[in-house]
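A quick write-up on the structure given underneath.
FYI, it's all coordinate maths here, none of it is from the lab. Worth saying up front: this structure is predicted, and the values here are computed from it rather than measured. With ideal geometry, Cβ positions are generated from the backbone for all residues, glycine too; neighbour counts draw on all protein chains shown.
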Amino acid sequence: MATDKKSPDNKTPEKKNTDKKILAFVERCENPAELESLVKNAIKLGNTPVAEAAFRKRISLVPAERPGSVEHDFWQMVQAFEFTLSEERGKNTRLSRTRQKVAKAGVVQTLRDWAAGSQETAGFRMLLARGMPEFTGEAITLRHPELFEPPVLEAAQQRLTAAGVDLNSLR
């Protein structure tokens, strides 16, 4: 029988155990639709840790790209942003212009252009506003320095620093 005593974080022991089971399921899950459903339900229930874990797992599923590659990081960012915008707008939202640019110039050149551009992109500002600085093109650029020239890396670093992002948290 359940007791009315709650732990310091205001969760009953049963709730903590359920969260652990759900988080273990999220870790094993490879089905994007199930993860999206978990995100929506966890948000409705106010369960931020589960929503965050399911969201991050969902966007990590980029089957065509090798994890750790610049392409994987890039498409993970696109999925994160599209999913977030779709949830906020209540309709399926695609980053059409980003996808067109990548089709023409490739992932690395797109990131190069974003980082070295004279102004930050709308996507950069939107990702920061949503607390996702690790998904900005500039952060991806810094995680793959071997692919970019020093001026591009410096521009990415300066833009993130100017926006108040802790660069050590991005690695």
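Summary of computed values
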item: Computed P(r) (all Cα pairs; the chain; 5 Å bins; percent); result: 1, 8, 15, 18, 17, 14, 11, 7, 4, 3, 1, 1, 0
item: Potential lengthening between residue 43 and residue 92 on full extension [0.36 nm per residue; Cα-Cα distance subtracted]; result: 15.8 nm
item: Residue exposure sequence - 19, 73 - by fewest surrounding Cβ within 10 Å; result: 19, 73
item: Candidates 23, 142, 160: whichever shows maximal mean-square fluctuation once the chain is modelled as a Gaussian network with Cα springs under 10 Å; result: 23
item: Spin-label model distance (nm) - residue 61 vs residue 27, 7 Å beyond Cα toward Cβ; result: 1.8
item: Principal-axis tilt of helix 150-162 within the chain, Cα atoms, nearest 10 degrees; result: 50
item: Neighbour-count ranking [beta-carbon atoms within 10 angstrom, fewest first] of 118, 60; result: 118, 60
item: Whole-angstrom gap from region 109-166 to region 40-77, using each part's C-alpha centre; result: 20
item: Sequence of 167, 153 once ranked by neighbouring C-beta atoms within 10 Å, starting from the fewest; result: 167, 153
